[in-house]
Every structure is written in structure tokens, then in C-alpha cells.
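Scroll down for the structure; my scribbles are underneath it.
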Amino acid sequence: MGVRKSYRIKKEDEFQDVFDHGQSVANRNFVIYHIERPDAKHYRVGISVGKKVGHRAVLRNQIKRYVRQTLLELKGQLPDQVDFLIIARKGAAHLDMAGTKRNLIHAFVLAGMLPQTALDTPAHSTTK
């Protein structure tokens with residue numbers, strides 16, 4: 001199904017607030033801006049995949065689908081009182097679903113939104 005509407009940041013001013021006042025962390029493929037919202041019932045997320053990542057809408061939409069699926073799989077583990085933005089970098093265009101999940105988990109650990117042990121899960125391990 002994806003990420004429900006109540007879990008999304010869609011308004012420009014809300015997006016900008018997280019962007020301007022939130023803390024950021026990054027790895028090669030994703031940047032995460034996050035800001036605390038003590039009054040929130042659950043987290044909210046905004047996803048941005050710009051044309052620099054891929055000129056074709058099909059590719060940008062695929063990246064967003066991978067990100068939403070990863071969020072769905074991590075739903076119970078992410079903190080509730082947070083708004084965050086996930087911004088894809090150019091390298092995200094070359095990732096498959098497993099690579100996207102691995103990179104997002106790494107970025108969430110860097111942001112302090114997931115415990116360090118999340119990096120050790122079987123979905124994150126590489127067998128290449």
C-alpha cells in the first residue's frame with residue numbers, strides 16, 4: 001500500500017521547516033533531515049528525488065517506491081515524534097531494493113533514528 005497520507009509531509013512550508021531547522025546526516029546515496037515533534041502521534045516523512053538523480057520520471061518514481069517500501073518495513077522501529085525528509089542523491093539511481101534499504105538503514109543509524117544494531121540485520125548484510 002505504501003505510506004499513508006497521515007505519514008507524509010506534503011505542504012511546502014512543512015517541508016521547508018524541516019529543511020531549515022532540522023539536523024541533517026548523509027551517506028553517499030541519501031540525505032536525511034530530521035526534526036523533533038514532541039506532540040506527534042507518529043512520524044511524518046517527505047521524499048524528494050530531483051531531476052539530477054534521474055531525468056526520467058520512471059526512474060525517480062522507482063526510487064520513491066523503494067524508499068516507501070523500506071519505510072513500511074521499518075515502520076515499527078522508527079521513532080514516533082519526528083518529521084524527516086529523505087533526499088536522494090545521484091548514486092541512488094543505481095540501487096536496487098536491497099541496496100536502497102541498506103543505505104537508508106545506514107543513514108537512519110547515522111541520524112540516531114535507529115540503533116547501531118540495525119546495521120547487523122540479515123536484510124542489511126552483504127553477501128557479494
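Figures for the structure shown
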read-out	value
Net charge contributed by nearby residues that have their C-beta within less than 14 Å of residue 23 (K/R +1, D/E -1)	-3
Two-decimal ratio, the range 1-71, of alpha-carbon radius of gyration to 2.2 N^0.38 Å	1.16
Peptide ranges 36-44, 64-72, 103-111 listed from the most packed, as the mean C-beta count within 10 angstrom indicates	103-111, 64-72, 36-44
Karplus 3J(HN,Hα) series, Hz, for the range 68-73 with 6.51 cos²θ - 1.76 cosθ + 1.60 (x for Gly, Pro)	4, 5, 4, 4, 4, 6
Distance-filtered residues of the range 49-87 - backbone nitrogen under 15 Å, label point 7 angstrom along residue 41 Cα→Cβ	80-82
Under Karplus coefficients 6.51, -1.76 and 1.60, residue-wise ³J(HN,Hα) of the range 98-104 in Hz, glycine/proline x	5, x, 4, 4, 4, 5, 5
Anisotropy class of the chain from Cα gyration tensor, a/c 1.5 cut	oblate
Amide H contacts under 5 Å for residue 46, placed H, 5+ residues apart	9, 84, 85, 86
Whole-number percent relative contact order across the chain, with pairs defined as alpha carbons under 8 Å at least 6 apart	31 percent
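Read the figures in this text as sums done on the coordinates, not as results from a lab. Only a predicted model underlies this, so the values are computations on that prediction, with no experimental measurement involved. Backbone-built Cβ (ideal geometry, glycine too); neighbour counts: all protein chains shown.
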